[in-house]
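Here is the structure we will look at, set down as structure tokens.
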Amino acid sequence: MHVDAALGGFILPFARKLGYDIPQFDFAVEGVTSINLDTHKYGYAPKGSSVILYRDPELFSYQVYTVGDWTGGIYFTPTTLGSKPGFTIAATWAAMLYLGEEGYMKITKEILETGKYIVNETRKISELKILGDPLWIIAISSDSINPYVIMDYMAQRNWHLIGLINPPGFHIALTYRHTLPGVKESFINDLRESIKDAIEKGQPTTGMAPIYGATAFLPKDQLDLILKYVIDWLYNPWE
């Protein structure tokens with residue numbers, strides 16, 4: 001079994017050390033054979049850096065690609081990418097060395113405290129509801145207002161939120177920048193103002209609300225086909 005810890009791999013272990021009740025998700029779970037985690041997210045390394053871990057070194061051999069009879073010479077690579085910049089590896093090593101366990105613990109503590117504040121304050125807003133019991137990736141929905149309209153008004157206030165479907169909503173993934181003084185308070189204030197705009201003004205003329213709203217009524221196969229057409233259009237040099 002593979003565990004995708006791309007987002008939480010550099011948060012959950014430190015959260016557990018800080019005393020948070022984090023369920024086992026790593027090699028402590030019987031049957032887990034591999035784990036991936038992105039150093040370019042909460043490892044604070046450059047984009048393009050990531051890690052995959054195997055319980056058994058033998059499993060790594062299935063990742064390696066080799067061509068021994070290529071006319072251009074012997075070719076072998078341990079990753080999907082062939083040519084890779086050494087800068088990314090060096091910068092990742094430097095970031096981890098600079099922060100160390102103490103640095104990651106400090107960052108995690110501040111992010112989770114910010115998450116607790118936002119969750120508690122959001123629950124005081126009658127028009128909104130928190131989905132699940134989040135720590136730092138906070139999903140928000142509403143039974144009375146189109147959440148995508150709220151998301152669009154938040155975008156006008158320079159908040160980059162990600163839309164969700166099934167159920168409709170949006171989420172914010174807190175980072176170290178959100179722990180800066182005044183940021184979490186601004187988020188809650190802007191959330192209240194965006195709700196007010198959604199009630200008084202309705203749907204804005206631009207934004208993602210129509211797109212996310214349409215996905216709720218489209219069968220999955222049709223939606224998948226539309227998304228493929230979008231990719232084709234983006235990569236078509238003749239249009």
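Could you look through segment 53-74, keep only residues that are of a type in the set (Ser, Thr, Tyr) and not in a loop (DSSP other than H, G, I, E, B), and pick out the one that is nearest to residue 43 (Cα to Cα)? Among those that are of a type in the set (Ser, Thr, Tyr) and not in a loop (DSSP other than H, G, I, E, B), it is 54.
Out of the residues in segment 75-89 that are out of contact with any Gly (no Cβ under 6 Å at 6 or more places or on another chain) and not in a loop (DSSP other than H, G, I, E, B), which is surrounded by the fewest Cβ atoms within 10 Å (Cβ to Cβ)? Looking at the filtered set, the residue picked out is 86. Inside segment 155-188, residues that are surrounded by fewer than 13 Cβ atoms within 10 Å (Cβ to Cβ) and closer than 23 Å to residue 143 by Cβ make up a count of 2.
Among the conditions (1) under 30 Å from residue 111 (Cβ atoms); (2) part of a helix (DSSP H, G or I), the only one that residue 39 does not satisfy is (2). Scanning segment 131-152 finds one or more residues that are part of a strand (DSSP E or B), touching a helix residue (DSSP H, G or I) at 6+ places or on another chain (Cβ under 8 Å) and small (Gly, Ala, Ser). Checked against (1) of a type in the set (S, T, N, Q); (2) in contact (Cβ under 8 Å) with a residue 12 or more places away in the chain; (3) part of a strand (DSSP E or B), residue 92 meets all criteria but (3). Taking the conditions (1) more than 19 Å from residue 107 (Cα to Cα); (2) part of a loop (DSSP other than H, G, I, E, B); (3) within 20 Å of the chain's Cα centre (by Cα) in turn, residue 3 satisfies each one other than (2). When segment 99-124 is limited to residues that are in contact (Cβ under 8 Å) with a residue 60 or more places away in the chain and touching a strand residue (DSSP E or B) at 6+ places or on another chain (Cβ under 9 Å), the one that is surrounded by the most Cβ atoms within 10 Å (Cβ to Cβ) turns out to be 118. Please tell me if residue 138 is crowded, with 18+ Cβ neighbours inside 10 Å and under 25 Å from residue 179 (Cα atoms). It is true that residue 138 is crowded, with 18+ Cβ neighbours inside 10 Å and under 25 Å from residue 179 (Cα atoms).
Computed from the coordinates by the stated procedures, all read-outs in this text should not be read as laboratory data. Not measured: the values here are computed from a predicted model. Don't worry about glycine lacking a Cβ; one is built from the backbone with ideal geometry, like all the others, and counts go over all protein chains shown.
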